[in-house]
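What follows is one structure encoded as structure tokens, with my remarks underneath.
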Amino acid sequence: MNKLYVIKIGGNIIDDDVKLQMFLSSFVAVEGRKILIHGGGKLATKLAAQLGVEQQMIDGRRITDAETLKIVTMVYAGYINKNIVAQLQSRGSNAIGLCGADGNVIQSHKRHHTSIDYGFAGDVDTVNTGLLQSLTEQGINVVMAPITHNKEGQLLNTNADTIAQEIAQAMSALYETHLIYSFEKAGVLMNAADDSTVINSITPASYKTLKDQQVIYAGMIPKLDNAFAALHSGVHRVVIGKAEQLQELIHQQSGTSIVHE
């Protein structure tokens, strides 16, 4: 079975042009089939402030009201997505930028929660693997923005880590799929302030212990929940680590590997 790398890049790298350029050069150097999913960075928050649109966050997740949805769609599926595509083209890597509505590539539903109204936030229902496979087999690198749709004309803001997980799971039926979460840290850390304290591998049992000890908390928990969900749904390997070390992450020479018992 052919390999496919599903690589997610974090917002903190998108916000840093030097790190983004380094990452994209490393991404181009990755041989074989690959799909890139990007987050949003701080640009949407800055633009919202300039436009006077108040932003509300709960547990690290943005509440997406109607005005915020317009802003995140413009920023994520517009400027950030097309800038990454243009940078890849400048490196000789043919790429196409998509959001979930394009080609019906990711269909979602509005998130339902018993006590919190997340607004126009989406949870993934289906991934159009046929379209992704067709583009990938033509040597076109898909760059996915974290905006999806509900097939009824409604755009939805969707967590980029989750999109990466869902694409990796869906594509694992077609390829030996490797899911890589690349962000500003060297991996999952014993001490969040010290990049030298990388935990080399995490199993379901050690994950529970690390959460109980509050070594892992806040924003890292949904990232790891996504990683284990992907692993249990057919993804070959999941690794979390530093964007500037993408080649090392590919070759299991750095970062944190999420593994079965």
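Specify the residue that is modelled with the lowest pLDDT; the eligible residues are those in region 26-52 that are surrounded by 15 or more Cβ atoms within 10 Å (Cβ to Cβ) and not hydrophobic (A, V, I, L, M, F, W, C).
GLY41
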Please give the number of the condition GLN55 fails out of (1) modelled with pLDDT of 95 or more; (2) in contact with a helix residue (DSSP H, G or I) (Cβ under 6 Å, 6 or more places away or on another chain).
-> (1)
Do the conditions hold for VAL188, that is, is it β-branched (Val, Ile, Thr) and closer than 23 Å to GLN133 by Cβ?
-> no
Looking only at region 101-118, and only at residues there that are at pLDDT 95 or above and closer than 23 Å to MET57 by Cα, the one that is surrounded by the most Cβ atoms within 10 Å (Cβ to Cβ) = SER108
So is SER90 loosely packed, with under 15 Cβ neighbours inside 10 Å, at pLDDT 95 or above, farther than 21 Å from MET171 by Cβ and over 16 Å from the mean Cα position of the chain (by Cα) or not?
-> yes
Residue satisfying condition, being hydroxyl-bearing (Ser, Thr, Tyr), touching a residue at least 12 places away in the same chain (Cβ under 8 Å) and surrounded by 19 or more Cβ atoms within 10 Å (Cβ to Cβ), within set THR177, THR203 = THR177
Exclusive hit being at pLDDT 95 or above and closer than 30 Å to ASP65 by Cβ, set LEU156, LEU135, LEU224, LEU179 = LEU156
Where a residue in region 15-44 is within 17 Å of PHE183 (Cβ to Cβ) and its partner, wherever it lies, is among the basic types (Lys, Arg), with Cβ under 6 Å and at least six apart = ASP15/LYS42; ILE37/LYS8
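The values are calculated or read from the model by the stated rules, or taken from the named source; none is laboratory data. Computed from a prediction, not measured in an experiment: that's the story for all the values here. Counting neighbours? That spans all protein chains shown, and the Cβs are built from the backbone with ideal geometry, glycine included.
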